[in-house]
Amino acid sequence: MGKFKEELLESYDEVNEELPADVNDEINFGEEDDDSDGEFNKKKLFEKKSNAKKILVEEYNDHFLADAPVDNSQYKDSNVDLEAIETLLFPHAEIREAQDALIKKVDEVIKAKTNLIVHAPTGLGKTAAALSPALTHIMKKDNKNLTIYFLTSRHTQHKIVIDTLKRINEKFNLRIVGSSIIGKKHLCLQPSVDTLPSKEFAEFCRLLVEGGKCDFYTSVKQGTKIMPATEHVLNELKVVNRGVSTTESIIIESSKHHLCPYEVSILMAKQARVIVTDYSYIFNPGIREGFFKKINKELKDAILIIDEAHNLPNRVKDLVSEYLSNIMLKRAIVEAKKFGYAQVVSSLEDINAILETYTQSLTKEFESKYAKNTPEKAAVTLNSFTSANDLGKKNWSEMAQNERYVSKREFIESVEKIKDYDELIAELIFIGNAIRETQHVSYVGSVASFLEAWLGDDEGFTRIVSTKKLKDKTDMITLSYRCLDPSLITAPVVSGAYSTIMMSGTLTPTSMYRELFGINSEELTLKSPFPQENRMNLIIPKTSTKYESRSQEQYMEIGKILVDVSNNVDGCVAIYYPSYYLMEEITKFLDTKISKTIFTENPGMTKSEKQEFLQNFSAYQKKGAVLNAVITGSFAEGIDLPGVLKAVIIVGLPLQKPDLETKALIEYYDKKFNKGWDYGYLFPAFTKTIQAAGRCIRSETDKGVIIFLDERYSWNNYYRCFPITWKMRVSMLYTDLIKNFFEN
Ligand code: SF4
């Protein structure tokens, strides 16, 4: 008997006890009287128990349909077929082996209210494997309060989750309400908000709403009263797709009725048992609180499924990092003058002067040392070293080219020479709010936010001032307060939630992520579901992009290998470079020698240009073409081209820039875990490499070669960073190996 059915019957007994007194009395009466009036009472008992079961089924239906938005008789009459639900609410006919392992683990950790970090390679079907046991759990009678939050950084992934839920609803004749919510700014119907920075947009929206100036908002509700148009839209959304609504459908329906799509999303989310959204709704402390309050739910009742969790450390660090530049200050000065706040202009000018003083000496030092070198060719770099010990022996000041640390005290003391620090913040906040009454954005308000953030903690943060030359030859000076430790954000959220599942195709080593997130969790590493023999991982230890090796000869040698591989592979090839600079330099040696059309990524591409670019490239599936892209760009992660790529080549190692933030990160993780080099430097580079490598094999029938083109990949210290499940080969005889691989 399936577990789920077993639990239903257990619940049946519980419900039986909870039945209205008269029903239970009668059943009990029947049982007691069984001897005296056998047949009659047995029949009566049977009828009563049948009734009880019917009530149970109805109760379960009501439970399943509890959040069903409308009394839609076509579903209510059809009742959930409880017998058909065996072990879990899984959308597909078959469960693959790796899915089974994931389902069991997710089920186990959710039941135990613990957490899981899972490395689940592409093609495993992890969305269904994680969602199904979680859904089965929240559908249980005692778990009515629970809600699943499926968090993902990609909009395409929203659709996959929503589609999976729709399939489950269809298969089991259910109406589990699900809703997708993206960032408020992207849902907003007010004109020209697209270009606003997120924080500015939040302020803009708040002021409009508080001032009663957003018609879209006031059309949704007045006070707590939902307006008839909103009711209508909610009903429309609930009728289609068994209560599962996409962002697109919410925007379309809301626009038709002049309603704020964000507010409509919130009303849908209130009823939803599955909410698909971005990390920030849960991990941004400022957003989370308001979000839960609005949807009337609590973190303790949240099952968090976090997809692409390898992106989470940087995403949460960004959420709590703040930046102040001379450009922002200049705009704030212009703004203050324009709106007649002359009293604050001199304070802003003085802050700007502080930034300039910090960097004057730096700029001179930087120019004298590195004037003849491009930033790509700094004399001493992190790449010169192979371990944290080496790093300690070097004088880091040589590497810190155009930046330096600034202490909290140092900046506050400088500001206090102008004005009392807290008073200045209060004044700037007041002016910023007043300006936002008139225009979307206020730079004065942004300066205030930075000054407030600067007062934050020291532990887990670093403070840096840096300069960089802009295209117009002016200097951009930036003072920053940057978060180094994602666990400061993730640990309290995960420990406050019911259960958390973190998953990704590049969450390896899982133990590192457990430590980075600062959580207690189980770990699971799954193998790729695709046949091993369809993939060759090859290190060619001949060239290197490390700074010391960079030269035209080296680029020519790299180019030669790229030409050899591309011309020997029958089909499309993707080449990923560590930077645009290197892509440009090396591509000079490809153009005339590669027999295929080359598609080169451009850093300024818009979303639609990127889509068109990929479509055009994919059209060469049979003829073969080369995709030239940067590993940190738009085509190394999140693109899915099944059947298209026959080879992926990773040129060099995408190590972090040798800057003070990297140094601070290495030192921080050395102090915290004695693993600064790995956690702060090496593994983040390998995560990018593994993500890019993952573009090659996207289906069971794909066959391809993945080449790691840098001698460092074969060195022990780097080689150990490849996932343990990967079979690696190291060889210079790459042309023969590639030929043999595709012939067999
Ligand atoms: S209430 Fe809605 S429509 Fe109005 S500004 Fe905010 S997000 Fe935009």
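Only the coordinates and a few stated rules stand behind these numbers; no lab work does. Quick caveat: nothing in here was measured; it's all calculated off a predicted structure. In this analysis, Cβ positions are derived from the backbone assuming ideal geometry, glycine residues included, and neighbour counts consider all displayed protein chains.
Any idea how far the Cα center of segment 518-550 sits from the one of segment 467-497, in Å?
28
For a quick check: sort 472, 215 by the number of other beta carbons within 10 angstrom, fewest at the front.
Least crowded to most crowded, the residues run 472, 215.
Take the residue pairs 256/294; 270/294; 185/337 and return only those whose Cα atoms are more than 18 Å apart.
256/294; 185/337
How much length, in nm to one decimal, is gained on full extension between residue 593 and residue 229, taken as 0.36 nm per residue of separation minus their Cα-Cα distance?
Result for the pair: 124.7 nm of gain on full extension.
Which loop trypsin sites (Lys or Arg not before Pro) in segment 207-258, with loop taken from DSSP, have no more than 16 other Cβ atoms within 10 angstrom of their Cβ?
Here the trypsin sites (Lys or Arg not before Pro) that fit, given the DSSP loop and packing criteria, are 213.
Which log10 I(q)/I(0) values does segment 554-604 give at q = 0.24, 0.32 Å⁻¹ under the Debye formula, counting every alpha carbon as one identical point scatterer?
These q points yield log10 I(q)/I(0) values of -0.95, -1.49.
Report the full-extension gain for the segment residue 155 to residue 720: residue separation times 0.36 nm, less the Cα-Cα distance, to one decimal in nm.
Full extension of this stretch gives 200.1 nm more.
With a 10 Å Cβ neighbour count serving as the proxy for reagent exposure, in which order, fewest first, do 350, 485 appear?
Least crowded to most crowded, the residues run 350, 485.
Please compute the length gained on full extension between residue 412 and residue 255, using 0.36 nm multiplied by the number of residues separating them and subtracting their Cα-Cα distance.
51.8 nm
Can you give the charge dipole size of segment 532-743 about its Cα centre, rounded to the nearest 20 debye, using +1 on the beta carbon of Lys and Arg and -1 on the beta carbon of Asp and Glu?
With only Lys, Arg, Asp and Glu charged at Cβ, the dipole is about 300 debye.
Round to the nearest 0.05 the FRET efficiency obtained for residue 515 and residue 468 when R0 = 41 Å and r is the Cβ-Cβ distance.
0.80
Would you calculate the separation in nanometres between label points at residue 671 and residue 142, each defined as 7 Å from the Cα along the Cα-to-beta-carbon direction?
Once both label points are built, they end up 4.5 nm from each other.
What are the ³J(HN,Hα) values, in whole Hz, obtained from phi via the Karplus relation 6.51 cos²θ - 1.76 cosθ + 1.60 with θ = phi - 60°, for each residue of segment 245-259 in sequence order, with x given for Gly and Pro?
For segment 245-259, the Karplus-derived couplings read 10, 8, 4, 4, 5, 5, 5, 4, 5, 5, 4, 4, 10, 6, 10 Hz, x marking Gly and Pro.
Once phi is turned into θ = phi - 60°, what whole-Hz ³J(HN,Hα) does the Karplus curve with 6.51, -1.76 and 1.60 give for every residue of segment 538-554, x standing for Gly and Pro?
Values, residue by residue: 10, 9, 9, x, 9, 10, 7, 9, 5, 3, 5, 8, 5, 6, 4, 4, 5 Hz.
Across the Cα atoms of segment 532-743, what radius of gyration and what greatest pairwise Cα-Cα distance (Dmax) are found, in Å?
16.9, 53
Find how many whole Å separate the alpha carbon centroid of segment 228-249 from the alpha carbon centroid of segment 685-709.
The two parts, judged by their Cα centres, are 40 Å apart.
Give the calculated FRET efficiency between residue 240 and residue 437 to the nearest 0.05, with a Förster radius of 51 Å applied to their Cβ-Cβ distance.
With R0 = 51 Å, the Cβ-Cβ based efficiency is 0.80.
Counting pairs of alpha carbon atoms under 8 Å apart in space and at least six apart in sequence, what relative contact order in percent does segment 532-743 give?
Computed value for segment 532-743: 35 percent relative contact order.
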